[in-house]
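Structure record follows, encoded as structure tokens.
The values are calculated or read from the model by the stated rules, or taken from the named source; none is laboratory data. This one's a predicted model, so the numbers in the text were calculated from it and none came from an experiment. Every residue, glycine among them, receives a Cβ derived from its backbone with ideal geometry; neighbour counts consider all protein chains shown. For accessibility, only protein heavy atoms count, side chains too; no ligands or nucleic acids. Shrake-Rupley method; radii C 1.70, N 1.55, O 1.52, S 1.80 Å.
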Amino acid sequence: MHNIGGITNPDKLVEKKVNYFLDKLVEFTLYAGTQKLLEIESPPSLVGKIIFQIECNTAHKIGYLDYYFSNIFFLKKDYWTKYEAFNEVIKSVEAYRLLGKGKKDEKCVIVENREFIIQLKELEAKLKANMVDDLIFAVCNNSLCDHELYDPIPDGIGNHAESFAAAATMLGSEFLFRGYGLSEIDDIIGNVFSRDINKFPFSPDIETESDKRTFMKTRSLRQQLMGFANVFKVEPSTGIAFIRVYGGIFPDDFVFKYNKVRFLGKSHPDILELAKKDKDSDWYNFFSDDNFILAETSVTWVSKQSLFRTMLHIIQNELGFLSAKLGRILVADNSNNILVLNNDRSFLGKHWALQDYGSKFEWRLIEDLKDNAFEALRNCDGAAKTWFLGFEHLFVEAHKDRSVADYWIYLEILLSGNERNGKRVREIFSSLLILTERKTSKKRVLIRLMNFLNSNETLTLVSTERRREVQKELLNGIIPLEFINVDYPYIKELMTEFNSELTVKDYVKAREYYNGIALETYEYRNFAMHSGVSHRAANIKLINTLSSLVVRFRQSIFEAIHKKGSEISFQELIEELVKKGEAMTKQE
């Protein structure tokens, strides 16, 4: 992980601004999707989802377009006017917005106009081609200019700090939409600031080792930061991947093809030929395990995580048919042991146990273990607990597979005793989440301050003797006195956030965000269930957002059952929580 304050530069103003941008980017990799300021979204994905709604959702698109057209992309538009297509699109969007609520037919006339759809597609293409370069170019300009971090941007929107924060969120989102995992974004940050020619992301036109060494000796800060944009210029790889499938004893020469996947027994001629390609112990063990078949599929990837994630998604989808026909639960090996061939079936590579069983678990995974309903409610009794635990298997299934559709099914069935419709589920979900909004912000701040303490001894001003006590204070929710005098913008912002009370306006914005996530989840589930199609960016956004939000939603219910669960029904308990949440969004 990039250390807070870890970048040095002879120009201290430049150093301050570059570190601030990187601090915000790292914060995104740690907390993407958890709150409004860390929403996983970018202009290309937003425009893509709008096109998807117009072309695929003939009956119900207006409710979703109302939501998408309220995005800040269409409200703070000065930056995007450099894209000619945007100037045409915004005219139609503003005409749409002037219609207000309802007026479905008039809105359909605007969005179904052929010229508008062509302009949207042109805008999406331009954004995909140029936006990341433009973002990094702006980061470079704002880093190298003479203005202070909180100075307004001349002829622009907001101040420099706000610009860095927005750029970090959009860049981080684009990395996710490209296929990188959150931990891989952190690796990219390290690579951009590495002096190792085997790690730095060079422009495609710098190919020879000699040219790379010359570049590294002479590169400017601007050229270094453009390394972020260079990552997007690398063409995705394509190949053929294999993983093992367990759950039954198949004939050794078994072969069966279903849609995109071919299932092969261990002695099928293609597998016997594959097994000859290498003789090291790991390779031998891959083929020598008991009772499995191999699943083979073509895959496109940009990173190790995207390779395995994409391959597993394809194979699990097709495995359902084989399981149903054989009446046996077949399971794809998710330990990340895979073989990869080139498209001509020549050997490309192998990855053994990408999930290193000897490595430490991330703190987020350990924290997730606390979401144990049976332990959390062990000392509780009453109808509310009984109802809640009755659907725990649905949560476990959704959480295990990180399934967007299954998360919605869990919420809908759990809340089925209340008024059951999509709108009401969204209202309940968003109302319960804002109950923990301030707690969530403070927890994020404390963890980031702990990161700061452990990564930068120079700036923290904490003596060796005091370090253990300071750690205890942070764990107990106390800001140590040493942090008060730290002269570092990002840390000062965190401390201000920790000490500030949320306003009604803050809660309204938070609830709108959570309601929007629930709306997108509802839409995704309906498309997945009824038409089998989905938008890739929506899927990536929701997969990386829902797991933490649903856990927080459940925490509010745990606490309420402890306080009143033995006195009232689950449905009554939910209604009380909703009223409490709604009250936080209203002026007294």
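Would you say Glu367 is under 26 Å from Tyr246 (Cα atoms), assigned by the TED database to the domain that holds Thr545, modelled with pLDDT under 90 and assigned to a helix (DSSP H, G or I)?
no
I'd like to verify a number: residues in the range 207-246 that are open to solvent by 30 Å² or more (accessible area, probe 1.4 Å) and under 30 Å from Phe286 (Cβ atoms), how many?
Residues meeting the conditions: 6.
Under 26 Å from Val47 (Cα atoms), assigned by the TED database to the domain that holds Val47, touching a helix residue (DSSP H, G or I) at 6+ places or on another chain (Cβ under 6 Å) and modelled with pLDDT of 95 or more: does that describe Ile136?
Answer is yes for this residue.
Out of curiosity, is Ile197 in the same structural domain as Val26 (by the TED database) and over 30 Å from Pro43 (Cβ atoms)?
So Ile197 passes the test.
Report yes if Glu55 is surrounded by fewer than 16 Cβ atoms within 10 Å (Cβ to Cβ), in contact (Cβ under 8 Å) with a residue 60 or more places away in the chain and not in a loop (DSSP other than H, G, I, E, B), otherwise no.
Considered against the rule, which asks whether it is surrounded by fewer than 16 Cβ atoms within 10 Å (Cβ to Cβ), in contact (Cβ under 8 Å) with a residue 60 or more places away in the chain and not in a loop (DSSP other than H, G, I, E, B), Glu55 comes out as yes.
With respect to Ser431, determine if the residue is surrounded by 15 or more Cβ atoms within 10 Å (Cβ to Cβ), among the small types (Gly, Ala, Ser) and modelled with pLDDT of 90 or more.
yes
What pairs can you find where one residue is in the range 74-102 and more than 14 Å from Leu46 (Cα to Cα), the other is surrounded by fewer than 16 Cβ atoms within 10 Å (Cβ to Cβ) and of a type in the set (Ser, Thr, Tyr), and their Cβ atoms are less than 6 Å apart, with a gap of 6+ or different chains?
Qualifying pairs under 6 Å: Asn87/Thr81.
Only one of these is free of Cβ contacts under 8 Å to residues at least 12 places away in the same chain and out of contact with any strand residue (DSSP E or B) (no Cβ under 7 Å at 6 or more places or on another chain): Lys563, Lys509. Name it.
Within the list Lys563, Lys509, the selection yields Lys563.
For the range 72-121, enumerate the residues that are open to solvent by 30 Å² or more (accessible area, probe 1.4 Å) and assigned to a loop (DSSP other than H, G, I, E, B).
Within the range 72-121, Lys76, Lys77, Leu99, Gly100, Lys101, Gly102, Lys103, Glu112, Asn113 meet the criteria.
Tell me which helices (runs of 4 or more DSSP H) are completely within the range 374-456 and hold 1 or more residues being more than 28 Å from Arg309 (Cβ to Cβ) and assigned by the TED database to the domain that holds Val551, or say none if there are none.
It comes to 383-389, 422-433, 437-455.
On the basis of being of a type in the set (Gly, Ala, Ser), within 24 Å of the chain's Cα centre (by Cα) and either within 19 Å of Tyr67 (Cα to Cα) or open to solvent by 30 Å² or more (accessible area, probe 1.4 Å) (or both), does Ala129 make the cut?
yes
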